[in-house]
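Below you'll find the structure, written out as structure tokens, and then a few comments.
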Amino acid sequence: MMPIKIKIVDWWNNDFYNNYFIQFLSKRYTIIQSDTPDFLLCSVFGNQHLQFDCIKIFFTGEAITPDFNFYDYALGFDHLKFGDRYLRFPLFFIKQYQKALKLAQNKHLFQDTKKLLQRGFCSFVVSNANADSIREEFFHLLSEIDFVASGGRYKNNIGEPISDKLKFLQSYKFNIAFENSSYHGYCTEKLIEALGAQTVPIYWGDPMLKEGGGDTIINPKSFINIQNFRTPNQAVSFIKEVHRNDDLYLHILKEKAFLTENLIEHYENKLEKFFENIFSQNYKDAKRAVLTQRQKSLFHTHKSYIPPPHFKIFKKNKTNYFSSILKIGNPNL
């Protein structure tokens, strides 16, 4: 198999061989962990990537648009078309969420409706308190209908945080599956896990999921999207109706989760072609980022230009932080 020298930086952990992309690529290439890599896998947790002059492949599980001045290729949530330099590959496709994905693909196949209807009202699993205030507001609104079991570290009301999220969600008819922020294309594992638990997700987040927008992977009829309602109170009224009407509840639950068959295989085929295109090119031709190494080193040298961690600024402003930096106008650039 073709040898590929890779290093991972700015990632959420340092476990090289347990990395989803390394495991995926190892089935097709001889992957060599190297401090002098030809290819750099990088994410948003730092700026160590600026120290390397090689082909950089960016991946984000955050609500961040990749800056192609710094990265040659990217994978993320955004619905972008940028030739062969970008592939939409949401976080929920990586290995740790594939169990939920597989369960979600079959969630509409059930026989024992009585057991499903006898479950508790609604679950809520949140540990990160830093999010849009609508999530907490909706938790309190739904709590006026019936008890909402909060199993995370945030607003926990069941005694202690849960250890198995899927198992916990399976005990309730609904799940509050809100993203931390609303950002086009930003649909995380939260919705997928709720679907995989055979519950009806109550969703807020990606505006493109409204009425099947974006690439229409997820069936808009399989969950309750509160962004389809004019006010939170209107959404609550509908949820109350669904909760009390067994036929209406089961009608939603019987909807397929996805509009694309064999979803994991479909996206992994896309991922294989994405990397194959990068690795099969002449190395110089595969290099695409426009900033020179000298320009990148200036960003690394002048720490004031990059107040780490930059991803928090991205999430707050919902803008491309690096692009805004370039507009500051360093005379050496």
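The values are calculated or read from the model by the stated rules, or taken from the named source; none is laboratory data. Note that the structure is a prediction, hence the values are computed from the model and not measured. When we count neighbours, we look across all protein chains shown, and the Cβ atoms used for this are built from the backbone with ideal geometry, even at glycine.
Could you go through the range 26-33 and let me know if any residue there is in contact with a strand residue (DSSP E or B) (Cβ under 7 Å, 6 or more places away or on another chain), in a loop (DSSP other than H, G, I, E, B) and among the charged types (D, E, K, R). Scanning the range 26-33, I find no residue that is in contact with a strand residue (DSSP E or B) (Cβ under 7 Å, 6 or more places away or on another chain), in a loop (DSSP other than H, G, I, E, B) and among the charged types (D, E, K, R), so the answer is no.
Every condition in (1) within 12 Å of residue 202 (Cα to Cα); (2) in contact with a helix residue (DSSP H, G or I) (Cβ under 8 Å, 6 or more places away or on another chain); (3) among the hydrophobic types (A, V, I, L, M, F, W, C) holds for residue 238 except the one numbered (2). Can you tell me how many residues in the range 31-70 are touching a Cys at 6+ places or on another chain (Cβ under 8 Å) and under 14 Å from residue 278 (Cβ atoms)? Looking only at that region, the number is 8.
When 237, 280 are checked against the criterion of being assigned by TED's automatic domain parsing to the domain that holds residue 26, out of contact with any His (no Cβ under 9 Å at 6 or more places or on another chain) and among the hydroxyl-bearing types (Ser, Thr, Tyr), 280 stands alone in meeting it. Within the range 19-31, does at least one residue satisfy the condition of being touching a His at 6+ places or on another chain (Cβ under 9 Å) and basic (Lys, Arg)? No, because not a single residue in the range 19-31 is touching a His at 6+ places or on another chain (Cβ under 9 Å) and basic (Lys, Arg). Give the residues of the range 142-158 that are part of a helix (DSSP H, G or I) and surrounded by fewer than 18 Cβ atoms within 10 Å (Cβ to Cβ), sorted by residue number. The answer is 143, and nothing else. Filtering the range 117-125 for residues that are modelled with pLDDT under 90 and out of contact with any helix residue (DSSP H, G or I) (no Cβ under 7 Å at 6 or more places or on another chain) leaves an empty set. Restricted to the range 181-282, the set of helices (runs of 4 or more DSSP H) holding at least 2 residues that are surrounded by fewer than 16 Cβ atoms within 10 Å (Cβ to Cβ) and of a type outside the set (S, T, N, Q) comprises 232-244, 246-253, 263-280. Among the residues examined, residue 74 qualifies as surrounded by 19 or more Cβ atoms within 10 Å (Cβ to Cβ) and either in contact with a Leu (Cβ under 6 Å, 6 or more places away or on another chain) or not in a loop (DSSP other than H, G, I, E, B) (or both). Each residue in the range 15-63 was checked for being under 19 Å from the mean Cα position of the chain (by Cα) and of a type in the set (Gly, Ala, Ser), and 4 of them qualify.
Here residue 81 qualifies as assigned by TED's automatic domain parsing to the domain that holds residue 286, modelled with pLDDT under 95, basic (Lys, Arg) and surrounded by fewer than 20 Cβ atoms within 10 Å (Cβ to Cβ).
From the list 114, 102, 173, 167, the one residue that fits, being assigned by TED's automatic domain parsing to the domain that holds residue 198, surrounded by fewer than 14 Cβ atoms within 10 Å (Cβ to Cβ) and either part of a strand (DSSP E or B) or in contact (Cβ under 8 Å) with a residue 60 or more places away in the chain (or both), is 102.
The set of residues in the range 117-140 being loosely packed, with under 13 Cβ neighbours inside 10 Å and in contact (Cβ under 8 Å) with a residue 60 or more places away in the chain consists of 117, 137.
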